[in-house]
Amino acid sequence: MTKIGLEIHCQLTKLESKLFCSCKANYREFKPNHNICPVCMGLPGSLPRLNQKAVESATSIAMALSCKTPEKIAFFRKNYFYPDLPKNFQITQLNVYGDMSIGGEGYVDVEGAKIKIRRIQLEEDPGRLIYEGESERTKITLVDYNRAGTPLVEIVTDPDFENPRQVRVFLNILSDLLKNLGVSEPGLEGAMRADGNVSIEGGNKVEIKNIGSFHDLEKALHFEITRQESLSERDIEIVQETRHWDDRRKITVSSRSKEEDQDYRYFLENDIPWVKISQETRDSLMKNLPESISSKKERFVEKFDIAPQVADILASDKYYSDLFENAHSDSDAKDIANLITTDLMGFVDTKEKREESKLTSQHLSDLIAAINDKTLTRTSSKTALQEIVKSGKSVKELLIEMDLGQVSDSSEIENIIMQVFEEEKQAVLDAKENPETVNYLVGKVMQKTKGKADPTQTLELIKSKLG
Ligand SMILES: [Zn+2]
């Protein structure tokens with residue numbers, strides 16, 4: 001069996017300042033090395049001051065992932081030398097005197113599988129190394145410390161994933177959750193990074209580092225599983241190691257640096273006192289948590305009698321659930337939910353299409369109202385919906401402009417039925433013999449009316465004419 005575990009780093013991009021100083025958390029808008037101060041540069045004599053909002057945001061993330069959150073947290077120095085780390089240590093967290101990191105022992109429900117969250121910690125991001133020029137052999141490496149000290153939340157899962165697809169679903173859930181909480185914009189370059197570990201058939205665990213995007217993570221995991229399977233088939237031992245994802249060649253390569261064997265000489269960061277997070281603070285953070293996807297789904301099913309599969313799609317996608325919540329009334333909730341998950345989905349299934357879409361929740365309410373009072377058939381509503389997404393025109397305008405109004409005058413439909421009977425003599429005979437084939441005739445009438453006739457009414461009229 002394949003086992004995959006993840007270590008995800010997400011920046012708290014919505015904060016004003018860095019984790020321990022007042023430099024901007026949004027380092028992206030600065031020229032290199034223009035968003036730094038003695039604290040984030042680790043100059044002698046400087047002292048870190050903890051960003052309270054960062055502690056609160058990280059605690060909210062932990063709570064939203066159903067983690068336990070401790071009363072007291074502490075920070076540690078993780079010592080190592082690397083040019084992107086100006087202090088020669090990173091301020092992070094460690095569970096060594098009991099649980100002292102922001103949260104732990106949580107879980108996320110991924111399509112029925114329970115993915116356990118082992119630990120969540122708050123730490124600072126290092127700076128960035130920039131390799132000058134195109135060639136990989138460049139001798140020039142530049143360092144930009146603007147990012148150093150940016151608040152980062154590390155989320156570590158148990159190896160509970162069985163395949164890369166589950167990983168993708170989990171990451172989508174996580175990034176929706178971060179957006180929902182208003183703590184991060186996962187879409188920003190570098191705002192979310194992940195390492196993965198993979199083992200097959202109970203064999204050794206291989207870590208994959210250096211993955212810049214979730215899309216690449218999925219590819220890296222696929223590659224690594226295939227590599228291990230092919231070794232295992234040939235009875236070659238899978239070495240426990242760290243591998244890097246080579247973005248250019250799309251393969252994982254063995255990493256020479258043995259980071260696992262490094263001794264980080266963790267010790268307490270005594271420049272920051274232990275931090276007590278009072279019950280009161282935790283209660284208020286808990287109270288302000290947005291509704292979780294699973295409770296939203298439950299509410300949709302129970303309150304509006306929406307089918308569980310439909311509620312699942314709505315609840316797990318913020319775009320759809322916002323549209324739904326703003327469009328529905330108690331009486332038309334089910335219809336709106338179905339309209340979104342059947343007709344609308346095809347028109348707004350990518351980020352780009354959503355950004356360009358002119359559709360508002362008012363359009364959806366108007367469409368359902370028009371269908372329910374029989375000004376518009378269900379078939380025509382799909383045509384209207386496509387046009388609304390493109391142009392943003394009102395339902396009223398489209399009924400006139402596109403001539404979509406429902407034909408409900410039975411004499412008008414009867415005339416069309418007579419035309420069809422005239423043209424489809426064999427089909428009429430067939431339908432008399434075998435009533436099941438009558439739908440063919442209904443289809444012809446719908447075609448002639450461009451979907452504007454009510455199918456139920458048409459069927460009744462045809463049946464009565466067939467005798
Ligand atoms: Zn600073």
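The values are calculated or read from the model by the stated rules, or taken from the named source; none is laboratory data. All values derive from a computational prediction rather than experimental measurement. Backbone-built Cβ (ideal geometry, glycine too); neighbour counts: all protein chains shown. For the accessible areas, the whole protein counts, side chains as well, though only heavy atoms, and no ligand, DNA or RNA atoms are used. Shrake-Rupley method; radii C 1.70, N 1.55, O 1.52, S 1.80 Å.
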Is it the case that Leu441 is under 30 Å from Asp366 (Cα atoms), among the hydrophobic types (A, V, I, L, M, F, W, C) and open to solvent by less than 40 Å² (accessible area, probe 1.4 Å)? no
Has segment 387-409 got any residue that is open to solvent by 90 Å² or more (accessible area, probe 1.4 Å), under 29 Å from the mean Cα position of the chain (by Cα) and under 27 Å from Ile336 (Cβ atoms)? yes
Would you point out the residue of segment 66-91, among those that are of a type in the set (A, V, I, L, M, F, W, C) and more than 13 Å from Gln121 (Cβ to Cβ), that is surrounded by the fewest Cβ atoms within 10 Å (Cβ to Cβ)? Phe81
I'd like the full set of residues that are open to solvent by 20 Å² or more (accessible area, probe 1.4 Å) and under 18 Å from Val183 (Cβ atoms), limited to segment 16-36. Glu16, Ser17, Lys24, Asn26, Arg28
Does segment 367-375 contain at least one residue that is within 27 Å of Asn172 (Cα to Cα) and not in a helix (DSSP H, G or I)? no
Please enumerate the residues belonging to segment 1-49 that are on the phi > 0 side of the Ramachandran plot and free of Cβ contacts under 8 Å to residues at least 12 places away in the same chain. Gly45
Check on Leu339, out of contact with any Cys (no Cβ under 8 Å at 6 or more places or on another chain), modelled with pLDDT of 80 or more and open to solvent by less than 60 Å² (accessible area, probe 1.4 Å): yes
Determine, yes or no, whether Thr226 is assigned to a helix (DSSP H, G or I) and without any contact (Cβ under 8 Å) to a residue 40 or more places away in the chain. yes
